[in-house]
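Read through the structure below, which is laid out as structure tokens, and then see the notes.
FYI, it's all coordinate maths here, none of it is from the lab. Remember, it's a predicted structure, so these values are computed and weren't measured experimentally. For neighbour counting, all protein chains shown are included, and Cβ atoms are generated from backbone atoms with ideal geometry for every residue, glycine included.
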């Protein structure tokens, strides 16, 4: 007999507006305890420096985390000119200074070079592993190493404000694996200046944006009133970009047992028309509730991840 998990079988997504100076793991732990949930995880780490959208999965929603990690994201950040730091944010030790203060027009002229698929070298202070060690641990110890550049996609980048000569605020929409600190590092070099990230906010992760985000204080108040479940979004919210197929009760039962179901030709054609980029992923639902993440092959839906809701 399997060991019974501690806690309650709570499932759903909580979109937290993560506060400054709190790590993502700490935020997940706080939310998990508030719900006394059996399982919890998050979709995309936010540094303690950063604020904004941190999607937290509870229970069966953890089975959709991998899908959300692949989602596009949006950030707003402030560059402070004049100093470069080891970590390229305000928490790092100053490594260089400069009197150069790029104008808004200069920044706007440089940004197009960062739009599209580009090669980007991650910052040394990152969670990437180097010979089994986290890069940020090696960087703190003063170990010299290089991180290979990787392909990332930036869909849009624009200046949204320049409050004074020392600061400029930028907004970007990007794909997975993009480092804002690397953008700032490379932009400063391009403009012959020194700069670092002085403020960073994530505005969106896939379908989760700031309009859906709630603060930890608001969530704590809801939970104290016994209304915490009101803050949760359905498990399938993270899967809103893949086609869904409503199945019968009998087929839902088969999928829940890990067995494939045979589709009608018209169902197959409808799904194929909705699938893009070579994807075969389909969400099977029954009565409006997620049953399984499936793969469409040879006229059948084969369950990949089954939800126990």
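Some notes on this structure:
- Fewest-first ordering of 168, 69, 15 by other beta carbons within 10 Å of each residue's beta carbon gives 69, 15, 168.
- Taking 254, 101 and counting other C-beta atoms within 10 Å, the order from fewest to most: 101, 254
- Most mobile of 267, 162, 120 in a GNM of the chain (Cα contacts under 10 Å): 267
- Using C-alpha pairs below 8 Å separated by at least 6 residues, the relative contact order for the chain is 21 percent.
- Relative contact order of the range 188-292, pairs being alpha-carbon contacts under 8 Å that are 6 or more residues apart, as %: 26
- Over the chain: helical MRE at 222 nm, DSSP H runs n ≥ 4 each giving -39500 (n - 2.57), nearest 500: -6000 deg cm²/dmol
- Shape call, the range 239-291: gyration tensor on alpha carbons, a/c limit 1.5: prolate
- Approximate spin-label separation residue 150-residue 171, in nm, with each point projected 7 Å along Cα-to-Cβ: 2.8
- Structure-derived semi-axes √(5λ) of the Cα gyration tensor in Å: which label, when the choices are (i) 24, 24, 21; (ii) 40, 28, 17; (iii) 40, 23, 18: (iii)
- Centre separation in Å (Cα based) which lies between the range 263-299 and the range 205-245: 25
- Angle between the chain longest axis and helix 265-274 axis [Cα atoms, degrees, rounded to 10]: 10
- Taking the chain as a Gaussian network of alpha-carbon nodes connected by springs under 10 Å, the highest mean-square fluctuation of the residues 52, 116, 206 belongs to 116.
- Segment residue 117-residue 96, length gained on full extension (0.36 nm per residue, minus Cα span): 4.6 nm
- At R0 = 45 Å, FRET efficiency that the Cβ-Cβ distance of residue 66 and residue 103 yields, to 0.05: 0.60
- Residue 158 versus residue 275: modelled label distance in nm, points set 7 Å from Cα along the beta carbon direction: 3.6
- Shape of the range 188-309, Cα gyration tensor, a/c cut at 1.5: oblate
- The ranking of 196, 67, 20 by Cβ neighbour count inside 10 Å, starting from the fewest, reads 20, 67, 196.
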